[in-house]
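The values are calculated or read from the model by the stated rules, or taken from the named source; none is laboratory data. Note that the coordinates shown come from a computational prediction; the quantities given were computed from them, not determined experimentally. Glycine gets a Cβ as well: all are built from the backbone with ideal geometry, and neighbour counts include every protein chain shown.
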Amino acid sequence: MAKIDAFFKLMHEQGASDLHMAAGSPPILRIRGDLHRIKYKKLDNDELKSMLYEIAPEIKIKIFEESGDVDFGYEVPGLARYRANFFRQKNGVGGVFREIPSTIMTAEQLGLPPIMTKLAMLPRGLVLVTGPTGSGKSTTLAAILDHANRNRKDHIITIEDPIEFVHESKGCLVNHREVEIHTRSFSAALRGALREDPDIILVGEMRDLETIALAIEAAMTGHLVMGTLHTISAAKTVDRVIEIFPTHQQPQVRATLADALRAVISQTMFKRVDVKGRCVAFEILIATPAVRNLIREGKTYQIPSSMQTGRKYGMNTLDDAIMELLEKGWIDPDEAYTKCVDKAKFKPFAQGAPVDFTEVA
């Protein structure tokens, strides 16, 4: 048992999402979005480095020594998996660990909208799950993939950095690949995947032009491709995908993306005020013919209007999703106001001054 495992055990018992360990500071847990210091001494750099290196693969230690940053996955048997990040900082080394439950929650257990399980059964196309860091994208994507795994008889390839949720082969054959351990890069793995007879390809993060271009190509050649992006709305996701390409390529990319895209799920996390825990507001864009035309014509600013009129297709705007949570009494009105789009609509519910004073309506 590694020395650091005791902190993972405490983290699990406290229901923390993240563990922060940095030289010059005591260990800190993130619980329900807030940081809480553990009653422990300030970590010495050499002691912390020894704890971190004890659990890291040699190749990851080499990368960290050369670059100052590295990501990898670590598992405590019988407890959970952890997504680890090592970094250098002023006082020495640091590490942040995100807990990934060993049991994958189903779409029903998470309360995902029914349209999301339908997306898992699509024969081809591009499905994107977006949102800020820590908004639960990986959990949502894991539930969608789990539904496909239980209800299809296909080949699923996941490409991640690091591997997070581990899916056991059920109806499908599932192969997990980790960047820098099983493959050189996301783009290299995507190129290889096209020769590996996949039906579903999960891309853990679409970080660069080459990865995005290959993901769109895979979606256009008869595969169902799922991936994540760090964007804050469905319309901005479409813009982000297009704008990463050089200007002269963008008209062609708009046309290709319009044909390939099937859905964008953009999610925002909230603290529950009625019970301990958190909940998610889902903005859902379905690529209907009308939406495809807006993408082709470069009129993505009109996408929110199409979403408001497309509820019968499973679409939902972020503000409607937030209002639903607010009416249930699940979330704080001030947090709803801070994270909504139409400030004027939520201002009557807000109690105090907005946290972000730059967004006063």
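Surrounded by fewer than 20 Cβ atoms within 10 Å (Cβ to Cβ), part of a strand (DSSP E or B) and at negative phi: is that true of Glu75 in this structure? Criteria met by Glu75. Taken over the range 293-319, the residue count meeting the criterion of being in a helix (DSSP H, G or I) and either touching a Gly at 6+ places or on another chain (Cβ under 9 Å) or surrounded by 17 or more Cβ atoms within 10 Å (Cβ to Cβ) (or both) is 10. Scanning the range 12-35 for residues that are closer than 20 Å to Val93 by Cα and either under 23 Å from the mean Cα position of the chain (by Cα) or in contact (Cβ under 8 Å) with a residue 40 or more places away in the chain (or both) yields a count of 12. Of the residues examined, Ser185 is not one that is assigned by TED's automatic domain parsing to the domain that holds Gly277 and touching a residue at least 60 places away in the same chain (Cβ under 8 Å).
Considered as a group, the residues in the range 58-72 that are free of Cβ contacts under 8 Å to residues at least 24 places away in the same chain and not in a helix (DSSP H, G or I) include one that is farthest from Asp161 (Cα to Cα), and that residue is Gly68.
So which of Ile322, Ile284 ends up being crowded, with 18+ Cβ neighbours inside 10 Å, part of a helix (DSSP H, G or I) and either at positive phi or modelled with pLDDT of 95 or more (or both)? The conditions single out Ile322. For the range 173-199, a residue qualifies if it is of a type in the set (Gly, Ala, Ser), within 19 Å of the chain's Cα centre (by Cα) and surrounded by fewer than 21 Cβ atoms within 10 Å (Cβ to Cβ), and exactly one does: Ser185. Scanning the range 236-278 for residues that are closer than 24 Å to Gly134 by Cα and β-branched (Val, Ile, Thr) yields a total of 9. Quick check on my filter: what residues within the range 160-212 are within 13 Å of Gly227 (Cα to Cα), touching a Ser or Thr at 6+ places or on another chain (Cβ under 8 Å) and among the acidic types (Asp, Glu)? Scanning the range 160-212 gives Glu205, Asp208. With the structure loaded, tell me whether Ala263 is outside any helix (DSSP H, G or I), touching a helix residue (DSSP H, G or I) at 6+ places or on another chain (Cβ under 6 Å), crowded, with 19+ Cβ neighbours inside 10 Å and at negative phi or whether it fails that test. Considered against the rule, which asks whether it is outside any helix (DSSP H, G or I), touching a helix residue (DSSP H, G or I) at 6+ places or on another chain (Cβ under 6 Å), crowded, with 19+ Cβ neighbours inside 10 Å and at negative phi, Ala263 comes out as yes.
Just one of (1) over 21 Å from the mean Cα position of the chain (by Cα); (2) closer than 21 Å to Ile144 by Cβ; (3) assigned to a helix (DSSP H, G or I) trips up Thr211, so point out which. Evaluating Thr211 over (1) over 21 Å from the mean Cα position of the chain (by Cα); (2) closer than 21 Å to Ile144 by Cβ; (3) assigned to a helix (DSSP H, G or I) leaves (1) as the failure. In the condition set (1) touching a helix residue (DSSP H, G or I) at 6+ places or on another chain (Cβ under 8 Å); (2) modelled with pLDDT of 95 or more, Lys271 is compliant with all but (2). The set of residues in the range 36-94 that are among the acidic types (Asp, Glu) and either over 27 Å from Thr183 (Cα atoms) or within 24 Å of the chain's Cα centre (by Cα) (or both) comprises Asp44, Asp46, Glu47, Asp69, Asp71, Glu75.
Within the range 147-160, the residues that satisfy the criterion of being surrounded by fewer than 22 Cβ atoms within 10 Å (Cβ to Cβ) and charged (D, E, K, R) are Arg150, Arg152, Lys153, Asp154. Residues that are assigned to a loop (DSSP other than H, G, I, E, B) and either of a type outside the set (Gly, Ala, Ser) or at pLDDT below 95 (or both) within the range 112-130 comprise Leu112, Pro113, Met121, Leu122, Pro123, Arg124, listed in sequence order.
When you check Ile115 against the structure, is it within 15 Å of the chain's Cα centre (by Cα) and touching a residue at least 60 places away in the same chain (Cβ under 8 Å), yes or no? Judged against the criteria, Ile115 is not a match. Restricting attention to the range 131-184, the residues that are outside any helix (DSSP H, G or I) and among the hydroxyl-bearing types (Ser, Thr, Tyr) total 5.
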